[in-house]
């Protein structure tokens with residue numbers, strides 16, 4: 001333990017020398033993510049039907065739309081009433097991982113990169129369309145709406161299948177909502193090595209690896225399970241669920257901030273969304289306990 005700690009300090013000193021200092025995350029204090037992630041403003045305990053909650057998106061000032069990764073059903077959850085107020089069936093059972101709202105339309109992402117569009121979720125008989133995105137990645141999970149560019153952003157959890165040898169890069173893809181087709185190329189590319197260096201510079205606790213008796217080195221896998229665009233700062237927030245890491249990027253893919261999430265608050269973080277005022281909500285699968293939505297007021 002002591003050797004690992006000294007390694008962190010030594011590497012941080014080397015990286016910071018001659019460079020402008022960067023802020024360090026302090027427990028209990030709002031950091032560059034914009035939130036105090038150690039003290040939620042509200043925790044919503046969800047019903048058993050959402051035990052496998054895998055994605056959320058804001059509907060209005062008091063409601064979110066949720067999916068779970070086993071059944072083709074959207075659940076509208078009222079945050080004020082702490083209850084499900086509506087259910088919208090959209091397909092057969094499947095591994096559904098992400099959800100995004102665009103006006104009255106809801107888009108649901110299946111892990112095999114297929115998108116289902118519910119044209120008007122407020123209508124009892126809404127048309128539904130399916131799109132095979134053809135994303136060159138494995139196990140698509142992250143989905144969010146990019147209003148400035150009229151597109152959906154999609155993040156595979158695993159490395160790109162068109163270049164499986166590249167273990168050190170993760171990608172975000174775009175889906176054009178006008179043409180309903182995948183945008184050529186990638187929207188963002190994340191260099192894991194640079195992210196690990198950022199973590200060391202800022203003394204952020206991340207997974208480490210190394211043989212017994214050897215110096216430990218950062219070991220970030222970045223298996224993205226959820227993404228969301230902040231409505232005020234227009235930065236991309238991404239969660240690596242297995243590692244309980246929250247990343248914040250500007251829209252060219254450069255990391256601005258990151259923080260390790262508390263396992264006592266985030267049993268299995270799988271979804272993220274924002275209210276219009278910037279409040280952030282992160283959903284957690286129940287795992288061995290109760291599924292939750294954890295809310296953090298913006299700037300508190």
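Selection within the stretch 124-153: residues that are within 22 Å of residue 68 (Cβ to Cβ) and over 19 Å from the mean Cα position of the chain (by Cα). The member of this set that is surrounded by the most Cβ atoms within 10 Å (Cβ to Cβ) is 133. Being touching a strand residue (DSSP E or B) at 6+ places or on another chain (Cβ under 9 Å), surrounded by fewer than 13 Cβ atoms within 10 Å (Cβ to Cβ) and modelled with pLDDT of 95 or more is a condition met by at least one residue of the stretch 169-179. The residue list 239, 220, 227 contains one member that is closer than 28 Å to residue 109 by Cβ, out of contact with any strand residue (DSSP E or B) (no Cβ under 6 Å at 6 or more places or on another chain) and not in a helix (DSSP H, G or I), which is 220. Of the residues in the stretch 47-62, how many are assigned to a strand (DSSP E or B) and surrounded by 16 or more Cβ atoms within 10 Å (Cβ to Cβ)? Residues meeting the conditions: 7. So residue 232 clears everything in (1) loosely packed, with under 14 Cβ neighbours inside 10 Å; (2) over 28 Å from residue 75 (Cα atoms) except one condition, right? Which one? With respect to (1) loosely packed, with under 14 Cβ neighbours inside 10 Å; (2) over 28 Å from residue 75 (Cα atoms), residue 232 is out only on (2). Considering each residue of the stretch 259-300, count those that are part of a strand (DSSP E or B) and at pLDDT below 95, and give that number. Qualifying residue count for the region: 2.
Checking residue 201 against (1) out of contact with any helix residue (DSSP H, G or I) (no Cβ under 8 Å at 6 or more places or on another chain); (2) modelled with pLDDT of 90 or more; (3) surrounded by fewer than 21 Cβ atoms within 10 Å (Cβ to Cβ), which test does it fail? Residue 201 satisfies every listed condition except (1).
Selection of first residues in the stretch 79-103 that are within 18 Å of residue 227 (Cβ to Cβ) and of second residues that are exposed (fewer than 15 other Cβ atoms within 10 Å of the Cβ) and modelled with pLDDT of 95 or more, restricted to Cβ pairs under 9 Å at least 6 apart or on distinct chains, gives the following pairs, ordered by first then second residue: 102/147; 102/150.
The values are calculated or read from the model by the stated rules, or taken from the named source; none is laboratory data. Note that this is a predicted model, so its numbers are computed, not measured. Note that we place each Cβ from the backbone using ideal geometry, even for glycine, and neighbour counts take in every protein chain shown.
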